[in-house]
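Everything on this sheet refers to the single structure shown next.
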There are 2 protein chains.
Amino acid sequence: MPFVRFQPANVVADVPSGTPIHIAALRAGILDLELPCGGEGACGLCQVEVVGLDAPVLACKTRVTSDLVVRLPDPSQTAARVLGDSHALIDPGLLPGRDCLTPLCRDLRITVPPASIEEHYSDWTRLIRELSRNRGAVSVTCQLPVLRQLAAAARAAGGQLTVGVEESASGQRVRDVRSGHSTAHALGLAVDIGTTTVAAQLVDLDDGSVLGTQTAYNMQIRRGADVISRIDYARSPEHLEELRCLVLETINGLVELLANALPVDPRNIRAAFLAGNTTMTHLALGLPPRYIRESPYVPTVNSVPELRAQEIGLNIDPQAIVAFAPGVGSYVGGDITSGVLCTDLSTSNHDVFLFMDIGTNGEIVIGNTDWVVACACSAGPAFEGAGIKCGMRADEGAIERVAIGGDGEQLEYSVIHGGKPAGICGSGLISLLGELFRQGIIDRSGRFFKSRGASRIVEHQGRRAFLLATAGQARSGKDLVITEADIENLIRTKAAIYAACSLILENVGLTWDAIARVYIAGGFGRYMRVADAIFIGMLPDLPLERFRFIGNSSLTGAYSALLSREHRRRMAEIAARMTYVDMSSNPQYMDRYVKALFLPHTDLEQFPSVAAAFKSRRRNAS
Amino acid sequence: MPFVRFQPANVVADVPSGTPIHIAALRAGILDLELPCGGEGACGLCQVEVVGLDAPVLACKTRVTSDLVVRLPDPSQTAARVLGDSHALIDPGLLPGRDCLTPLCRDLRITVPPASIEEHYSDWTRLIRELSRNRGAVSVTCQLPVLRQLAAAARAAGGQLTVGVEESASGQRVRDVRSGHSTAHALGLAVDIGTTTVAAQLVDLDDGSVLGTQTAYNMQIRRGADVISRIDYARSPEHLEELRCLVLETINGLVELLANALPVDPRNIRAAFLAGNTTMTHLALGLPPRYIRESPYVPTVNSVPELRAQEIGLNIDPQAIVAFAPGVGSYVGGDITSGVLCTDLSTSNHDVFLFMDIGTNGEIVIGNTDWVVACACSAGPAFEGAGIKCGMRADEGAIERVAIGGDGEQLEYSVIHGGKPAGICGSGLISLLGELFRQGIIDRSGRFFKSRGASRIVEHQGRRAFLLATAGQARSGKDLVITEADIENLIRTKAAIYAACSLILENVGLTWDAIARVYIAGGFGRYMRVADAIFIGMLPDLPLERFRFIGNSSLTGAYSALLSREHRRRMAEIAARMTYVDMSSNPQYMDRYVKALFLPHTDLEQFPSVAAAFKSRRRNAS
C-alpha cells in the first residue's frame, strides 16, 4: 500500500494503489483540498506539486501508485485564481461552446449575394435568406432605419454586411446593418439581481469572454433586508418606484464600473440577460409585488417578455434587448432556473441531485432528468455578511477562512487578496463557526464556554464576543469580533437551510443516500469548506466528493443564456418542468427548523461524521 | 317566347322563357345595366322595377317567364348608391366575415380566472392562456406598462379585462389592458397609396363597419406624374425626404378629414394597413427607390415588416401597428396583391381570370388557383383625370357618363352627386371617347371629323377640341373641353393596357376565350361602362357578363387584411405565388402597343362586336 505525505501540513496516509491524490488527502485528514469542478479535471484548480515531478498535477486525476510527497497550494492563492474567472467552477460542458455562440444579440458577418434578373429577390429578402442559413426560416422584423440603410449597404463592399441580429422566442429582429465586416466586438451584460448582492458581468458577445465582473450590495437594503420587508415597503406606488430606482441605480453603477474599467461606452452594450428572484424581478420592473406574499401567492409574471433597456431604465444602449430568466413562482424565481442551468439536470443525468442556492433566500431544488421539485426558505442575509456585526461580502479584505489552534488561543485567517482584514464573509463565518465548535469554544447551542479560548472572549455591548482581530490588526482600526448574537443569527440561517433540505427530501420520498450530487451555489459558496458546513449542520453529512461548488450560478446561468439559444431553451424548459412545494404552509417545517437550531443538530444520528469526531475527541481527551 | 319592354328607353326583346332580365336587357340593346357583383345577387345593385310588382327585383336573379314591362333605374342614382359603400362591388364571400373578425389590432374582452393555491399561474400566464383560446399557443409579448397595470386590472371587475392585442406573423403583442369590458370600439385605418390618388378609410375594428372613406390626389404629383419621374426625383436624400413628407401629408390630411367627420381623435386609431405599388411604398417609408428602375430592378423590400405609426410619421396612435400589403417585385406591388385578394383566385376557382388594375400604372394579373402571372404597363394617369385638361378624380361634380345624340349635336351627361359639372373623371372620359367614336365625331386615330358634331368642335390653344359644357354650364365658369391632345393621351393609355393584356395572354399560351372572368379594378372602374371600354379597344371583346367591376380593390384588400388574419395569410400567399413577367424588356410589347393606338385597334378582327356595329351602321346608313 503506497504511503503519501502531504506538505506543508506534514500528515500522512496509506492508500490502495490507484487511489486519486484528493482521496488520499481526505484519508490524511485534509479537508482543505477543494475540487471546484467535482473531480472532472475540468477546472484545473486542484493543482498540487508532487515532489520529484517537474510540472504540477491535478489532485483529482492523478492516482497514487507508489510512495509520494505532495505539496498542497496556499489556499488563498487558489481563491485568487478562482476570482479571476467567475465561471471556472462550472463544468465547461455546461457552458456555451465558444465556437458556436448564439447570443441574444449578435453581429452576423454575412455576404448578401447581388440580385440578378433571374434572382431578383428584394434586398430585405436576400438578407433574410442569408440569416436563415443560421437558423432556418423564422419571422424576421426590423425597425425602419434598417430598411432605409439597406439598399446602399447591400451594394457596398461586395455585399459584405455586419448585421446586428436579436434572437427572441418569436423570431429574429435586425437591429442594424453596416457595410463591410466589422471587426468590433459586440458587448452584452449578464446580471444577477440578488436580494442583498447584485453581480454584473460584461461579456464579449462575439467570443464569450468575460470582460469584467463587479458586485455591489443591492441599494434596496436600506428599505428592508429581505424580500418580505421590501414587498411590504413597496405597497405604495411611490415606495415601489423608490425600490425600482434603487436597484436600477445599483445595476447602473456596476455597468459604469465595468465600462470604465475597459474603457468602453456603456451604450455599446447591445443585450442584457438578468436573473433574479421573483420579488427582485418585480421590483426591478416596477411591478407591484404585493400579490407575491398574499394567498394564493401569484406574481404578475414569471416569464417576462423581452423588453428594451430604455423601458426598464438600464443605462446601456436604449434599444438593447433585455431578457429575464424565467421564474417558477412567487418564491422560486429566475435566479434558480438560471442556477439549475449550471447543473447537469438539463442534460443527461438520471441520478438525483440537490441544488442549494444559499443567498438571503435559500432555495433548494431536487430532481433528475425526469422530475424537479423546488422549495424556498428564508435564510436571511447572514452568509452575505449582512446582519452580522463585522460581516461583509466575499470581496477584497474579507476573512474567508479561519483556523483556531492551541486550545483556542491561536488564530489564523486568510484574507481575500491578502493584507489587513476588513471584515468576514460567508465562507469565513462558516469556517469560524466550525472552528469555534470544533475547538469547544462554543457549545451546541452556540454559547461561549468560558474555559476555552478565554483570552479572545471579550465583552461586546453587554454580550460575549470572540475577538477575530484587534484594532491594530484590522483595516478599520477597530476590533473585529463575532458576537453571540451573530452566532445565533448564523445558526438560524443554517437551521433554515438544513430544515428545508431534509423536508423536501422527505417530500419526494428519498433519503440522503439517494443524492448523487449536491450543487452549492451562492456568492460565498466557492470559498466555503464543505467539512466546516457539515460540521455546523448546514449541509447534510454526505461524502465530501459528492459536493460541488458552482459559485454564483445565477450569474453564470445568465451569462450562458445571454450567449446561447440552446441555454435559453433549456432554461425555459427547466422553469416549465419545475414544481414548487410551499414550505411556509407545511407544519413540519417549523419542527425541523427548531431541531436544527443546534450544532450540528438535535439528532446527532443525522451527522455520523460529526458524532464520530466528538467520540474521537472524547477518547483523545480521556 | 315572352316579350319584354324596357323603360324609359322603350326598347323590346323576345327571349326564351327563363332568361334572366339582365340578359333580356342585353338582347334589347341595353348595355347600361351593370352587374357589379357579376350576377351573383350579392351586391343588390342591379335592382329594376317590374311594372305590376310591389317591390323591385334584381335583374341578375329574376327570370322572364311571361310578358313584362321593366323600368330601369336612373344610372346616376345607382352610382350614388355605390359611393355609399365602397366595398359593395366585392363578392361578400371574399370580404372578412363580420362575426369572426381577427383584425391587426383588436380589443379582446376576456375574463381572467382568479388564481388559486392549486392553479397558481402568474397573472401574465393566465392572461396568455385566455388569449390562446382565440389562437392557440403563440409567442406573446408586451411592453412594460402592460405588466405594470396587470396585477391590479386582473383583480378588479371580477377578472374582466379589455385587452388590446396586436397580431403579427410572429405572434401576438398585448398593447394595453383595461379593467372591465370596454364598450368603446377600436378604430383602424385602411389606405391605398396610389401614384395619383390616395384613398383612406376609417374602419371600426370591432364590427368591420366603414366609418368613412376619403380620397385625395397624392401631393407627390407636383414632383412627377408617374413613378419613374418620382424615382428620378428621389435620387437625392433631400428630395426623397420631400416626397416622403408629401405622401405622408396626403395620408395625414385624409386621416384628419375622416377623424373630424365623426368626430374622433385620430390618436385612437390603433392599426393601419397600407397598400401601394412598390415605388409608393418605398417613398412612404423614405426608402431610396432608385434600384427599382435600375437593372436588375430590385427593390429594398417587398414584404415590409410590421412597423409603428411613429416610425413612419403617420398621425394616428404613435404605437399603432402599421402593416403593408406585400409586393412581388419592382413593378407589381402591394396594391396588386391587395387587389387580387378581392377576386376568387385565392379561394377555389380553377377557371382562368384576368385582373386589371387601371391606375397610373396598369397592372395585369392572369391566373387561376394553380398559377398566377403578373405584368405591369405604364398607363399614365389619364383615367385618374390627371394630364387631361378638364380631368378630375371620380368625385362630386365629375362627369361620369356622356351620351351623344342627334348627329353629334346633342349631349347629355351625368354628374356625380348632380349639379354643374366641375370636370370629367375616368369613366366619363371612356364614355366620352366611346360616344365620340360611335357617333363618328372622331376617326379611328382620334382626330375630329369636321362633318359631325361641328357646333361642338371648337379651337382650343391652336388645336381642335370638343365642347363638353359651356362656361355658363360649368362650375368653374369656364368652358369644359376635351382636346385632341387629351384624346391622344387617352388612346395611348388604353393602348398600353390592351397591349399588356394581349401579350401576357400569349405569354401563358391562352386565347381570350379561355378567360372566364375579367376583374376591373381602379378608382374609376365602378362607374365605367364595359361596352364603351370595349368599343374604344381598351378591354378585350368578351361577353359583357364576364366582366366584373371591383372598384378600388387595393383599398378593399387593405380593408380586408386590416380586419382578418385569414386575409393577411391569403395576401401573403398571393404575393408568394405570383410570378412577374417583365414587359418593358419584351420587344413584342412596343409592336402591340403601336397596333393598339387606333380605335378600337388596327386589327378589327380582335373586336368582332365593334366590327359588327360598324357594319350595321354602314348598312343602316346605306
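Just a few scattered comments:
Table: residues versus (1) farther than 30 Å from A:SER122 by Cα; (2) free of Cβ contacts under 8 Å to residues at least 60 places away in the same chain.
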| position | (1), (2) |
| --- | --- |
| A:THR183 | no, yes |
| A:THR196 | yes, no |
| A:GLN201 | yes, no |
| A:ARG222 | yes, yes |
| A:ASP226 | yes, no |
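- Residues in the range B:275-291 that are within 13 Å of chain A (Cβ to nearest Cβ), assigned to a helix (DSSP H, G or I) and among the aliphatic types (A, V, I, L, M): B:LEU283, B:ALA284, B:LEU285.
- Qualifying residue in the range A:173-190 (condition: basic (Lys, Arg) and touching a helix residue (DSSP H, G or I) at 6+ places or on another chain (Cβ under 6 Å)): no
- Of all residues in the range B:554-578, those that are touching a residue at least 60 places away in the same chain (Cβ under 8 Å) have Cβ atoms under 6 Å from Cβ atoms of residues that are polar (S, T, N, Q) and open to solvent by 10 Å² or more (accessible area, probe 1.4 Å), 6 or more apart or on another chain, in B:SER564/B:THR102; B:ARG565/B:THR102; B:ARG570/B:SER346; B:ILE574/B:SER346.
- Being over 20 Å from B:GLU363 (Cα atoms) and either among the small types (Gly, Ala, Ser) or at pLDDT below 95 (or both) holds for only one residue in B:ALA275, B:ALA271, and it is B:ALA271.
- Scope the range B:188-200; condition of a type outside the set (A, V, I, L, M, F, W, C), part of a strand (DSSP E or B) and more than 11 Å from B:ALA275 (Cβ to Cβ); matching residues: B:GLY188, B:THR197
- Only a single criterion out of (1) in contact with a Phe, Trp or Tyr (Cβ under 6 Å, 6 or more places away or on another chain); (2) surrounded by 24 or more Cβ atoms within 10 Å (Cβ to Cβ); (3) not in a strand (DSSP E or B) is not satisfied by B:ILE574, namely (1).
- Here B:ASN302 does not fit the description of being away from chain A (no Cβ under 13 Å) and under 23 Å from B:GLU241 (Cα atoms).
- When residues of the range A:97-122 are limited to those that are among the aliphatic types (A, V, I, L, M) and either out of contact with any helix residue (DSSP H, G or I) (no Cβ under 7 Å at 6 or more places or on another chain) or part of a loop (DSSP other than H, G, I, E, B) (or both), the one farthest from the other protein chains (Cβ to nearest Cβ): A:LEU101
- Residue selected from the range B:123-162 under the condition among the basic types (Lys, Arg) and within 29 Å of A:GLU241 (Cβ to Cβ), by the criterion nearest to the other protein chains (Cβ to nearest Cβ): B:ARG148
- Residue list for the range B:543-558, filter: open to solvent by 10 Å² or more (accessible area, probe 1.4 Å) and either assigned to a helix (DSSP H, G or I) or modelled with pLDDT of 95 or more (or both): B:LEU544, B:GLU545, B:ARG546
- Scanning the range A:114-127 for any residue that is closer than 29 Å to A:GLY208 by Cβ, buried (at least 20 other Cβ atoms within 10 Å of the Cβ) and either free of Cβ contacts under 8 Å to residues at least 24 places away in the same chain or not small (Gly, Ala, Ser) (or both) turns up at least one such residue.
- Of the residues making up the range B:310-328, at least one is closer than 16 Å to B:CYS375 by Cα, crowded, with 24+ Cβ neighbours inside 10 Å, small (Gly, Ala, Ser) and within 12 Å of another protein chain (Cβ to nearest Cβ).
- Listed by position, the strands (runs of 3 or more DSSP E) enclosed by the range A:350-447 that each have at least 3 residues that are under 22 Å from the mean Cα position of the chain (by Cα) are A:352-358, A:362-367, A:372-377, A:398-405.
- Candidates B:ARG475, B:ARG456, B:ARG452 - the one that is touching a strand residue (DSSP E or B) at 6+ places or on another chain (Cβ under 7 Å) and in contact (Cβ under 8 Å) with a residue 40 or more places away in the chain: B:ARG456
- The requirement of being within 27 Å of B:GLN149 (Cα to Cα), open to solvent by less than 30 Å² (accessible area, probe 1.4 Å) and either modelled with pLDDT under 95 or assigned to a strand (DSSP E or B) (or both) is not satisfied by A:VAL203.
- Matching residues, the range B:72-96, being at pLDDT below 85, more than 20 Å from B:GLN214 (Cα to Cα) and not in a helix (DSSP H, G or I): B:LEU72, B:PRO73, B:ASP74, B:ASP91
- You will find that of A:THR183, A:THR197, A:THR141, the residue that is within 30 Å of A:TYR217 (Cβ to Cβ) and open to solvent by 10 Å² or more (accessible area, probe 1.4 Å) is A:THR197 and no other.
- Residues that are at pLDDT 70 or above and closer than 15 Å to B:PRO2 by Cβ are absent from the range B:32-49 altogether.
- Of the residues making up the range B:303-317, those that are among the polar types (S, T, N, Q) and in contact with a helix residue (DSSP H, G or I) (Cβ under 9 Å, 6 or more places away or on another chain) are B:SER303, B:ASN315.
- Among (1) at pLDDT below 95; (2) open to solvent by 10 Å² or more (accessible area, probe 1.4 Å); (3) more than 18 Å from A:GLY339 (Cβ to Cβ), the one test that A:GLU249 misses: (1)
- Total residues in the range A:577-622 satisfying the condition of being of a type in the set (D, E, K, R), in contact with a strand residue (DSSP E or B) (Cβ under 9 Å, 6 or more places away or on another chain) and surrounded by fewer than 14 Cβ atoms within 10 Å (Cβ to Cβ): the figure is 0.
- Among residues of the range A:219-241, those that are surrounded by fewer than 19 Cβ atoms within 10 Å (Cβ to Cβ), in a helix (DSSP H, G or I) and in contact with a Lys or Arg (Cβ under 7 Å, 6 or more places away or on another chain), counted: 3
- Selection status of A:VAL372, away from every other protein chain (no Cβ under 14 Å), in contact (Cβ under 8 Å) with a residue 60 or more places away in the chain, open to solvent by less than 20 Å² (accessible area, probe 1.4 Å) and closer than 23 Å to A:THR493 by Cβ: no
The values are calculated or read from the model by the stated rules, or taken from the named source; none is laboratory data. Bear in mind the structure is a predicted one, so any value in this text is a computation, not a measurement. A quick note on method: Cβ atoms are made from the backbone with ideal geometry, for glycine too, and the neighbour counts reach across all protein chains shown. Side chains are part of the model used for accessible areas, which takes the heavy atoms of the whole protein and leaves out ligands, DNA and RNA. Shrake-Rupley method; radii C 1.70, N 1.55, O 1.52, S 1.80 Å.
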